[in-house]
Amino acid sequence: MKRRDALKKLAAGTAVLAAAPVLSGPRSGTVHSRGQVPSGVARIRKGNMNFRRLGRTGLNISEIALGGSPLPDERLLFQLVERGINYIDTSDSYENGNCERKVGRLFKALGRDKIHIHGRFHLQGPWTEASIIASVERSLRRLETDFVDILGIHGVENPDHLTDDRILGAYEKLKGKYRFRGLTCHVNQHTVIPKAVECGLYDMVQIGYNVFDIQETENNVRTYSDYLGESGIRKLIDLCHGQDVGITAMKTLKVGGRRQDLGVYKAGGLSIFQSMIKWVLENEKIAAAVIEIMNEQEMAEDLAVSGKGLTAAERKMLHDHIAANVGEYCHLCGSCQSACPQGLRTADFSRGLAYRESYAKADRARATFAAAASAAPLSDCRDCGACERACPYGLQVRERIRRASLDLS
């Protein structure tokens, strides 16, 4: 089918899209007050997709959402939306702005009210209120829309930034160009997320959450203790849910993202990737698992699990995978970084290594490493081992840093 004909067909809509619940109310950009969590339908089944309520935003979003770093080609992107995905992560840093341009063309083909987007701005360089506003305005032009559903801060590490006058001033002046406020958090979430909930200014958060946060153990499989409880992630999720702050999960397929052949981990014909998504969605307090889907095989694999529960065989398979790989997995909890007396960005070095080794994102890996090295050069390292003593999982942090330096510097 020619692209023009495909666009016409998609613009006409499908049964799935027509049935997908959307919220098309006013775009106020107002702050919601805290209070009793409203009652209502938490999950809706339409077609072959489940939709869940994203906290107090009231948005009903597909429980399988699409990450934008990167987005697939437009043909596949349109198919994904046609099959029920109605929530997409965007950022000005993804694909050098092309992620937002793809979504803009999607809006033209399908209509703005069919898709909810989480647009984000970064706090990079000598950022100001004016630079934030300018960044958002550029994103809106690339998206070819006059508003985003959620305007979020990308990668918050300092909780004080959440109430910084420059950020709050930008939000105030951008009212009408977003509906709700949000944030993503890669490092230091144990101080950032409570502050986001406490201040009452943010309607949703996106955190890393995957099977390496598994909390139950098998008697015959040696894994590790209750990370979800010990690290406080369970408390963070409960805290958000208790104040009706919506939660989406990123980093859900920690295998890594290249979907390498893990045929050894299968249960009843289902792949480990499907089981990982199921595990995330078992938590009913999570509104959506945000996943990168790059080809038709991944599309068929991921969308097939919506509304499906984990089997006993799949659960055992996940435990086997964790037991075999936990020694090399960094949770990015930031404990090593906080403990470093020289202020090295150890968690960021580890994140850059993960982009390189697990996600095959070489450019992003080098950029992450370079930014971390610029903030505190590796030459400042005294090889004191404080990072490894602070790591609750016993990772060889110094070896990971050396590997990152060899591969990425």
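The values are calculated or read from the model by the stated rules, or taken from the named source; none is laboratory data. Note that the coordinates shown come from a computational prediction; the quantities given were computed from them, not determined experimentally. Cβ sites come from the backbone with ideal geometry, for glycine too, and all protein chains shown count toward neighbours.
Summary of computed values
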{"read-out": "Given (1) free of Cβ contacts under 8 Å to residues at least 12 places away in the same chain; (2) not in a helix (DSSP H, G or I), index of the condition C333 fails", "value": "(1)"}
{"read-out": "Criterion violated by K102 - all others in (1) without any contact (Cβ under 8 Å) to a residue 40 or more places away in the chain; (2) surrounded by fewer than 21 Cβ atoms within 10 Å (Cβ to Cβ) satisfied", "value": "(2)"}
{"read-out": "Unique residue being at positive phi, in a loop (DSSP other than H, G, I, E, B), in contact (Cβ under 8 Å) with a residue 24 or more places away in the chain and assigned by TED's automatic domain parsing to the domain that holds Q79 when the list is G307, G343", "value": "G307"}
{"read-out": "Any chance R351 is surrounded by 13 or more Cβ atoms within 10 Å (Cβ to Cβ) and modelled with pLDDT under 85", "value": "yes"}
{"read-out": "Entirely in segment 82-155, the strands (runs of 3 or more DSSP E) that have 3 or more residues that are in contact with an Asp or Glu (Cβ under 8 Å, 6 or more places away or on another chain)", "value": "116-121"}
{"read-out": "Wholly enclosed helices (runs of 4 or more DSSP H) of segment 353-409 bearing at least 1 residues under 13 Å from C330 (Cα atoms) and hydrophobic (A, V, I, L, M, F, W, C)", "value": "386-390, 397-408"}
{"read-out": "Close pairs from segment 287-302: first outside the structural domain of S271 (by TED's automatic domain parsing), partner of a type outside the set (S, T, N, Q) and surrounded by fewer than 17 Cβ atoms within 10 Å (Cβ to Cβ), Cβ under 8 Å, at least 6 apart", "value": "none"}
{"read-out": "Where Y87 falls short, out of the listed (1) hydroxyl-bearing (S, T, Y); (2) touching a helix residue (DSSP H, G or I) at 6+ places or on another chain (Cβ under 8 Å); (3) buried (at least 22 other Cβ atoms within 10 Å of the Cβ)", "value": "(2)"}
{"read-out": "Segment 355-409, subset polar (S, T, N, Q) and surrounded by 13 or more Cβ atoms within 10 Å (Cβ to Cβ), residue farthest from S93 (Cα to Cα)", "value": "Q396"}
{"read-out": "Within segment 297-348, tally of residues that are under 23 Å from R400 (Cα atoms), acidic (D, E) and crowded, with 17+ Cβ neighbours inside 10 Å", "value": "1"}
{"read-out": "Residue identified as crowded, with 22+ Cβ neighbours inside 10 Å, of a type in the set (V, I, T), within 15 Å of the chain's Cα centre (by Cα) and over 23 Å from N96 (Cα atoms) among V156, V205, V192", "value": "V205"}
